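The values are calculated or read from the model by the stated rules, or taken from the named source; none is laboratory data. Just so we're clear, the structure is a prediction, and the values are computed from it rather than from any experiment. No Cβ is skipped: glycine too gets one built from the backbone with ideal geometry, and neighbour counts run over all protein chains shown.
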Ligand SMILES: [Zn+2]
């Protein structure tokens, strides 16, 4: 629980292993409690008088064991700090098979962990969330991923309620006032994959993929929003079966839309849980970003059915094996299903976010030693997911897609239903490829950070390049000695020669190296990260950068332009290039037509606006005016209404321009137009091109008054889809009037805002310049209540955005506050936030004069 979250470094002994759980649970949704009985089949390697297993927040009423034909009762001692129950028997249980029988009870909590309660439309539900280590809050169990066992689950439900678990329903037996739902036994599963959903849930009609029925479960009244998820799931499942060359390992696939959920989704075997926004949508009103994100998350969770559920990491230190692979696989699957969505181009935003975090001194390697579950929870971040996925992608490119897949198939076949460590994957990939995979991969997994690759022409041939690598830090003050670093970099270089663009692959394994492009003439330019496929930053020499700038729109693809801009901004942050070099590049992108590139440069431009320019200063006004001059004409040509038959890229470009001009530059005309369009949208949801809904709702709030605030509150309550609800709910955080700010803060900790949305709403408030100071004050004043309502994972996200507070005085405040109110799962996030505070102040001191000069030269 939040006050003492998983402090323990205790690991269960390996000589007692569970092989099966026979679990019967009886939840009382109205009473907020549950009772349960479990029989656990064990195998003991040696005789033991004491059995230790996990249990937290449970009362154990009775514990007996059956061993060697005898039944014995145990004395039960709960070790709260270790979250264990110690069962002491009068005589040792014999080596070999034994059975434990336990009777226990607990409360349905409100923290979205273990077995928790959630409500929707006045009805109560119970849902489980067990990863990383909360199955122990549902039943006494061996709650570590290596203890796989078969689960046979039964749930007693009241009349009108239904239950979903990992296995299909085998049979139902009536009991007074309800029935017992018995689920078929599962294949061996880790405890963190146990699933339970109980309440008045409804299911879609099944869609079949071969013998597998796929259904979407939801609270009543949302059946019309399930078609997209069913299609996305069927498309993903077919591709995954084909990729792994193993049929879907569970007998049915239930996708459950949970009205209050901590993560985005959870890969419970055979019963995947999602936030409603990621599963239930109306394709007619959802934006393309919302559809892409839902498809990606569905594919991610389904990839876990093999990679994670069927083959599972032995311990949390290899969590990245699960997450990096599933993240990469999801992009691959959806890119294949809907090529027009340009998934890998969109991945550049994720790669860029991971590079940003990994450039901090307070980053961590992908492979991190994990001693406690708190440390495991801390690792659910951009490094584990996005850097991990980028590294998997790099290895796939290095080996070739077919060879890589052959290695993955070998690994899956060999370890099916078992547990693995990273070395098992490297071994399979080496066997399939004959290449030194472990050497290349291990460096990327075990070393924190990433290389900055500097490239410049050198003597010795027209196409000879000198390459240098070192570790990149966002902090220019990091001493040279710490920057020494070496990775085996699979470098893919693109260049323009006489006959157009060409690419060449090199493995750069030394600190300094020489590459000879296979061409006889000097190239017009070269670009060091073709397709943005590698996890590194590139510094091109000045002459080359100038040549690239002159050939931006035809020489480089959108994802390469995006990578070039991201690299240049990183070089500015890291003190290796003047801010003018980035501004020149952004200026050259004024006619950019690709939406991802426009969205990509909006990030750095927003940071310049917020952190470099003084709020309300002439420089800030000048900067905003330059953005409006440079990018405004594009929006004027496009207009706000979509032309009939207009394609998605054009629609997305318009939305990106509205975000840039309204969100970053706060152009008055754009804000006013957003406000006008919002009225039409409130009256008729089809009045707005769906991709504009998000920016319009957020921007209109910035200039909205009390009356508009009331209409947002009403729109939240009456929303027809989860996406619309989320849009207006987060929109509440963008209002700037005093009364609106106060009302939103007053609502944050009431049941009106579901637990899952609290942190996101606070993040929106911290991004709101009119509200951020008082929001921070509110958070510190209400910390105890906040800790009870916001799950640890979300606390980290909240901490990450505190540098928006800007002033060094706040940095001291944030540091002091978390020293006196420590959050074990957010320890690294606090260090990172304080580092970003410092980096921003340093950036401001160093680049503000350059920004003013550059703007002066433009007006
Ligand atoms: Zn995952």
Residues satisfying the stated conditions in region 241-281, i.e. over 19 Å from the mean Cα position of the chain (by Cα) and within 14 Å of the ligand (Cβ to nearest atom): 269
Of the criteria (1) modelled with pLDDT of 95 or more; (2) over 17 Å from the mean Cα position of the chain (by Cα), which one residue 350 fails: (2)
Check on residue 366, within 16 Å of the ligand (Cβ to nearest atom), touching a helix residue (DSSP H, G or I) at 6+ places or on another chain (Cβ under 7 Å), part of a loop (DSSP other than H, G, I, E, B) and modelled with pLDDT of 90 or more: yes
Qualifying helices (runs of 4 or more DSSP H) (wholly inside region 648-702; at least 3 residues being surrounded by fewer than 18 Cβ atoms within 10 Å (Cβ to Cβ) and free of Cβ contacts under 8 Å to residues at least 40 places away in the same chain): 668-683
Selected residue [in contact with a strand residue (DSSP E or B) (Cβ under 6 Å, 6 or more places away or on another chain), within 16 Å of the ligand (Cβ to nearest atom) and within 30 Å of residue 723 (Cβ to Cβ)] from 236, 195, 203: 195
Residue satisfying condition, being over 29 Å from residue 110 (Cβ atoms) and in contact (Cβ under 8 Å) with a residue 40 or more places away in the chain, within set 812, 828, 806, 787: 806
Qualifying residue in region 384-394 (condition: more than 30 Å from residue 651 (Cα to Cα), away from the ligand (no atom under 16 Å from the Cβ), in contact with a strand residue (DSSP E or B) (Cβ under 8 Å, 6 or more places away or on another chain) and not in a loop (DSSP other than H, G, I, E, B)): yes
Matching residues, region 796-810, being closer than 17 Å to residue 767 by Cβ and part of a helix (DSSP H, G or I): 796, 797, 798, 799, 800, 802, 803, 804, 805, 810
For residue 463: the one exception among (1) buried (at least 16 other Cβ atoms within 10 Å of the Cβ); (2) modelled with pLDDT of 95 or more: (2)
Odd one out for residue 493, checked against (1) surrounded by fewer than 20 Cβ atoms within 10 Å (Cβ to Cβ); (2) more than 20 Å from residue 357 (Cβ to Cβ): (1)
Within region 615-635, tally of residues that are assigned to a helix (DSSP H, G or I) and at positive phi: 0
Residue match in region 125-133 (condition: surrounded by fewer than 15 Cβ atoms within 10 Å (Cβ to Cβ) and assigned to a strand (DSSP E or B)): no
Residue match in region 827-836 (condition: part of a loop (DSSP other than H, G, I, E, B), farther than 19 Å from residue 261 by Cα, under 26 Å from the mean Cα position of the chain (by Cα) and modelled with pLDDT under 95): no
Conditions (1) more than 10 Å from the ligand (Cβ to nearest atom); (2) part of a helix (DSSP H, G or I); (3) in contact (Cβ under 8 Å) with a residue 60 or more places away in the chain; number of the one not met by residue 296: (3)
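Residue-wise test of (1) buried (at least 21 other Cβ atoms within 10 Å of the Cβ); (2) under 24 Å from residue 133 (Cβ atoms).
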{"site": "14", "(1), (2)": "no, yes"}
{"site": "49", "(1), (2)": "no, no"}
{"site": "76", "(1), (2)": "no, yes"}
{"site": "108", "(1), (2)": "yes, yes"}
{"site": "112", "(1), (2)": "yes, yes"}
Residue match in region 402-409 (condition: within 17 Å of the chain's Cα centre (by Cα) and more than 16 Å from the ligand (Cβ to nearest atom)): no
Qualifying residue in region 259-277 (condition: in a helix (DSSP H, G or I) and at pLDDT 95 or above): yes
Region 318-330 residues that are within 27 Å of residue 234 (Cβ to Cβ) and without any contact (Cβ under 8 Å) to a residue 24 or more places away in the chain, paired with ones that are part of a helix (DSSP H, G or I) and within 9 Å of the ligand (Cβ to nearest atom) (beta carbon under 9 Å, 6 or more apart): 322/304
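Table: residues versus (1) in contact (Cβ under 8 Å) with a residue 24 or more places away in the chain; (2) crowded, with 19+ Cβ neighbours inside 10 Å; (3) closer than 30 Å to residue 121 by Cβ.
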{"site": "710", "(1), (2), (3)": "no, no, yes"}
{"site": "723", "(1), (2), (3)": "yes, yes, yes"}
{"site": "731", "(1), (2), (3)": "yes, yes, yes"}
{"site": "739", "(1), (2), (3)": "yes, no, yes"}
{"site": "777", "(1), (2), (3)": "no, no, no"}
{"site": "781", "(1), (2), (3)": "no, no, no"}
{"site": "802", "(1), (2), (3)": "yes, yes, no"}
Flag for residue 374 being within 13 Å of the ligand (Cβ to nearest atom) and touching a helix residue (DSSP H, G or I) at 6+ places or on another chain (Cβ under 6 Å): no
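Here's the yes/no breakdown for (1) touching a helix residue (DSSP H, G or I) at 6+ places or on another chain (Cβ under 9 Å); (2) away from the ligand (no atom under 16 Å from the Cβ); (3) assigned to a loop (DSSP other than H, G, I, E, B):
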position: 283; (1), (2), (3): yes, yes, yes
position: 292; (1), (2), (3): yes, yes, no
position: 318; (1), (2), (3): yes, no, no
position: 324; (1), (2), (3): yes, no, no
position: 330; (1), (2), (3): yes, no, no
position: 344; (1), (2), (3): yes, yes, no
Yes/no for residue 172 being assigned to a strand (DSSP E or B) and surrounded by fewer than 19 Cβ atoms within 10 Å (Cβ to Cβ): yes
Single residue of 848, 841, 852 found to be closer than 19 Å to residue 473 by Cβ, modelled with pLDDT of 95 or more and crowded, with 16+ Cβ neighbours inside 10 Å: 841
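Residue by residue, here is whether (1) in a loop (DSSP other than H, G, I, E, B); (2) in contact with a helix residue (DSSP H, G or I) (Cβ under 6 Å, 6 or more places away or on another chain); (3) within 20 Å of residue 146 (Cβ to Cβ) holds:
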site: 19; (1), (2), (3): no, no, yes
site: 39; (1), (2), (3): no, no, no
site: 50; (1), (2), (3): no, no, no
site: 56; (1), (2), (3): yes, yes, yes
site: 64; (1), (2), (3): no, no, no
site: 82; (1), (2), (3): yes, no, yes
site: 87; (1), (2), (3): no, no, no
Where residue 312 falls short, out of the listed (1) buried (at least 24 other Cβ atoms within 10 Å of the Cβ); (2) within 11 Å of the ligand (Cβ to nearest atom): (2)
